[in-house]
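Asker: Sharing a structure, written as structure tokens. Questions coming.
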Amino acid sequence: MPKSEEEKRRSRISSMKRLIVAYLLLGILIPILLCILLFIKVDRLQKELDQMQRQIASQQREGTIAPEQADPANADTDAGQQADGMQADSSLAKWQTEETEPDDGQKRKVYLTFDDGPSSNTDAILDILKQYDVKATFFVTGKPQERYQAMYQRIVAEGHTLGMHSYSHKYDEIYASEEAFEEDLSKLQDFLYDTTGVWSHFYRFPGGSSNQVSTVDMRELAAYMQQQDIYYLDWNVASGDATNKKIKAQTLVDNVLTGVGKHQTAVVLLHDAANKNATVEALPAIIEGIQAMEDTVLLPVSDDMELVQHLKIQQ
Ligand SMILES: [Zn+2]
């Protein structure tokens, strides 16, 4: 074989070798690298998931979490709602434990507040309040259906405070922008005025002023409230009825009475919704327990009360 032929053959072989090596690199190494990257990613997501599950579990133990089930009786307006007291931020635990300074000679003031009504349970709640001669506060949403008209009016007629809790109660809508929030607020304020003749100036933010779902800075919304002369009020005692798990009425009673005992001004979070029968069941014992406490009064929310707010803005 001539020398040049031999050289050509060698160079063909070596270029084939290079091709094979390149092929190996592309065909084997790249998939391996991708697998490693994906494995790292999955591992990281798994850790995040575990952490979130632990958070949810600990909050469920406190009875302060769970998306609210749609109220079957009000399916038209309640779809997609979430309960207040649903928090995903551990830094917010402090408002539950922070105790109000005891004030010598002053009576303890307790405010029972019912969110999310009116509902098929509103009349039952009003009946119990009437029976015990207790005035409370209802943070209502906008439900234009005929059957709710009388409930809004009854709340007012029986001396309870009518507060606002957004018209739609849909977090993704009301917290989408400052304009959307303001529009929803004014729609509810007008609606309540037309229905009851009351120009409400109390507000409870869906999810509270400490909610972590708003895309708008809550300080902006709090400042807007101040401009509009609307007081927003959160709570420092969670009954635990925000959960959509089966909860015993006695647990709600215990949560409320223990919580109230820690505060000189106690604002109690309860719910007025069709699926919250335990709240109605617990209410008589809650009232009796509070009425049995020394130097303690049950009051409706008013202008001169000490506001309990999770998010404070500079006055
Ligand atoms: Zn609510």
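The values are calculated or read from the model by the stated rules, or taken from the named source; none is laboratory data. From a predicted model like this one, the values you see are computed outputs, not experimental measurements. Ideal geometry is used to build each Cβ from the backbone, glycine not excepted, and the neighbour counts take in all protein chains shown. When the accessible area is computed, the model is the full protein with side chains, heavy atoms only, and any ligands, DNA or RNA have been set aside. Shrake-Rupley method; radii C 1.70, N 1.55, O 1.52, S 1.80 Å.
Asker: Taking the Cα centre of region 198-277 as origin, sum charge times position over the Cβ atoms of Lys and Arg (+1) and Asp and Glu (-1), and report the length of that vector in debye to the nearest 20.
Answerer: 380
Asker: What size of dipole, in debye to the nearest 20, comes out for region 103-165 about its Cα centre when the only charges are +1 on Lys and Arg C-beta atoms and -1 on Asp and Glu C-beta atoms?
Answerer: 80
Asker: Which three extents, in whole angstrom, do the alpha-carbon atoms of region 203-310 cover along their principal axes, largest first?
Answerer: Computed over region 203-310, the largest-to-smallest principal extents equal 39, 34, 21 Å.
Asker: Considering the Cα trace of region 198-254, what is its radius of gyration and what is Dmax, both in angstroms?
Answerer: Values for region 198-254 (Cα only, Rg and Dmax): 14.7, 41 Å.
Asker: Only Cα pairs under 8 Å and at least 6 apart count here; give the relative contact order of region 196-279 as a rounded whole percent.
Answerer: 28
Asker: Report the FRET efficiency, 1/(1 + (r/R0)^6), for V297 and V42, where r is their Cβ-Cβ distance and R0 is 51 Å, rounded to 0.05.
Answerer: 0.35
Asker: Enter the accessible area of Y232 (Å², nearest 10), with the probe set to 1.4 Å and all protein chains included.
Answerer: Rounded to the nearest 10, the figure is 10 Å².
Asker: Rank L24, L37, L49 by how far each Cα sits towards the positive end of the charge dipole of region 12-53 (+1 on Lys, Arg Cβ; -1 on Asp, Glu Cβ) and give me just the farthest.
Answerer: About the Cα centre, the residue reaching furthest to the positive side is L24.
Asker: If you don't mind, another one. Return the lysines within reach of K17: Cα separation strictly under 27 angstrom, same-chain partners fewer than 8 residues apart disregarded; answer none if there are no such residues.
Answerer: K3, K8
Asker: Give me the percent of the accessible area of region 162-315 that comes from carbon and sulfur atoms, probe 1.4 Å, all protein chains in place.
Answerer: Carbon and sulfur: 46 percent of the exposed surface of region 162-315.
Asker: Here's something else I'd like to know. For each pair in K107/K245; K187/K262; K130/K246; K170/K246; K143/K262; K130/K245, compute the distance between the two Cα atoms and list the pairs where it is over 32 Å.
Answerer: Listed pairs above 32 Å: K107/K245; K187/K262; K143/K262.
Asker: I would also like to ask the following. What's the percent breakdown of Cα-Cα distances in region 108-152 across 10 Å bins, shortest bin first?
Answerer: Here the calculated profile for region 108-152 is 25, 55, 19, 2.
Asker: Percent relative contact order of region 227-315, based on C-alpha pairs within less than 8 angstrom and at least six residues apart?
Answerer: Relative CO of region 227-315 lands at 36 percent.
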